[in-house]
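The values are calculated or read from the model by the stated rules, or taken from the named source; none is laboratory data. Only a predicted model underlies this, so the values are computations on that prediction, with no experimental measurement involved. Quick reminder, even Gly has a Cβ in these numbers, built from the backbone with ideal geometry, and neighbours come from all protein chains shown. Heads up: the accessible areas ignore ligands, DNA and RNA and are worked out on the full protein's heavy atoms, side chains in. Shrake-Rupley method; radii C 1.70, N 1.55, O 1.52, S 1.80 Å.
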Amino acid sequence: VALALKKRVVLDIGTSAVRFCELTKTKTGLQVTRFAQREFNADPALDEEQRREVRSTAVRELLKEARVKRGKLVLAVPGQSVFTRSRTLPPVPEYRVNQIPFGLDQIAMDYQVLGRSEQGGYDVLMAAIKVDVVDKHLEIVAPLKRSVAWVDIVPMAAYNWMRQAGEFGNPSECVALLNIGASTTDLIIERNGQFRFT
């Protein structure tokens with residue numbers, strides 16, 4: 001979906017900073033055409049409403065400083081909020097893969113078929129997140145009257161970018177990507193050219 005559009009505006013709201021990145025489609029692939037970062041007061045003594053206001057103000061100032069025109073955002077949520085696993089499903093017709101019951105109340109789930117298993121089933125990457133975690137991030141950008149095209153996961157976005165750039169090591173190796181943030185660290189494992197674990 002991202003590659004079908006000429007530009008994408010990505011917003012990463014972290015524990016102590018917000019980051020803006022504009023990706024532009026070129027003949028050779030995606031290119032970072034603009035990047036900006038703004039740190040903010042991450043005092044742990046602030047209550048939830050104060051933290052949301054501080055982050056919302058930082059996002060508003062960052063987008064104003066970067067002169068971002070109106071448009072849909074890609075919003076990134078932290079990796080510790082999301083459960084991601086790859087699983088092998090039994091052999092079924094491909095159209096029935098999306099009918100396998102993954103969902104639970106108050107949980108948003110999605111999946112992507114990675115390939116076929118040796119037994120004829122499907123290797124599937126599943127991701128689940130609590131709806132209220134996404135809602136809290138959407139509340140930060142709501143006062144800015146900007147629509148969100150979709151929500152991505154910070155470690156998976158970093159992994160996809162490294163894969164897109166062709167800088168994630170040899171496909172026959174087991175490779176780890178380490179993303180050290182202000183309050184959490186994400187680790188992603190790829191083996192034999194396939195995502196395995198975060």
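Just one of (1) open to solvent by 60 Å² or more (accessible area, probe 1.4 Å); (2) at pLDDT below 80; (3) touching a strand residue (DSSP E or B) at 6+ places or on another chain (Cβ under 9 Å); (4) over 17 Å from residue 139 (Cβ atoms) trips up residue 106, so point out which.
With respect to (1) open to solvent by 60 Å² or more (accessible area, probe 1.4 Å); (2) at pLDDT below 80; (3) touching a strand residue (DSSP E or B) at 6+ places or on another chain (Cβ under 9 Å); (4) over 17 Å from residue 139 (Cβ atoms), residue 106 is out only on (4).
For segment 24-43, give me each residue that is open to solvent by 30 Å² or more (accessible area, probe 1.4 Å) and part of a strand (DSSP E or B).
25, 26, 30, 31, 32, 33, 34, 35, 37, 38, 39
What number of residues within segment 29-44 are over 11 Å from residue 58 (Cα atoms), among the polar types (S, T, N, Q) and in contact with a helix residue (DSSP H, G or I) (Cβ under 9 Å, 6 or more places away or on another chain)?
0
Please list, ordered by first then second residue, the pairs with beta carbon atoms under 8 Å, 6 or more apart or interchain, first in segment 37-53 and touching a residue at least 40 places away in the same chain (Cβ under 8 Å), second open to solvent by 90 Å² or more (accessible area, probe 1.4 Å) and outside any strand (DSSP E or B).
52/136
Are there any pairs with C-beta distances below 7 angstrom linking a residue in segment 62-75 that is under 9 Å from residue 9 (Cβ atoms) to a residue that is at pLDDT below 85 and open to solvent by less than 10 Å² (accessible area, probe 1.4 Å), with the two at least 6 apart or on different chains, and if so which?
73/141
Given (1) part of a strand (DSSP E or B); (2) out of contact with any Gly (no Cβ under 9 Å at 6 or more places or on another chain), where does residue 179 come up short, assuming only one miss?
Failing condition for residue 179: (2).
Could you please find all residues in segment 44-85 being charged (D, E, K, R) and either buried (at least 16 other Cβ atoms within 10 Å of the Cβ) or assigned to a helix (DSSP H, G or I) (or both)?
Across segment 44-85, the qualifying residues are 48, 49, 51, 52, 53, 55, 60, 61, 64, 65.
Residue under question is residue 164, and the condition is that it be among the polar types (S, T, N, Q), open to solvent by less than 60 Å² (accessible area, probe 1.4 Å) and over 13 Å from the mean Cα position of the chain (by Cα); does it hold?
Spelling it out, it is not the case that residue 164 is among the polar types (S, T, N, Q), open to solvent by less than 60 Å² (accessible area, probe 1.4 Å) and over 13 Å from the mean Cα position of the chain (by Cα).
When both residues are 6+ apart or on different chains and their Cβ atoms are under 6 Å apart, which pairs have a first residue that lies in segment 153-179 and is at pLDDT 80 or above, and a second that is part of a helix (DSSP H, G or I)?
As it stands, the answer is 153/79; 154/79; 155/79; 177/159; 179/155; 179/158, since those pairs meet every condition given.
If I ask for residues that are more than 13 Å from the chain's Cα centre (by Cα) and crowded, with 17+ Cβ neighbours inside 10 Å, which ones from segment 137-158 would you list?
Within segment 137-158, 140, 141, 146 qualify.
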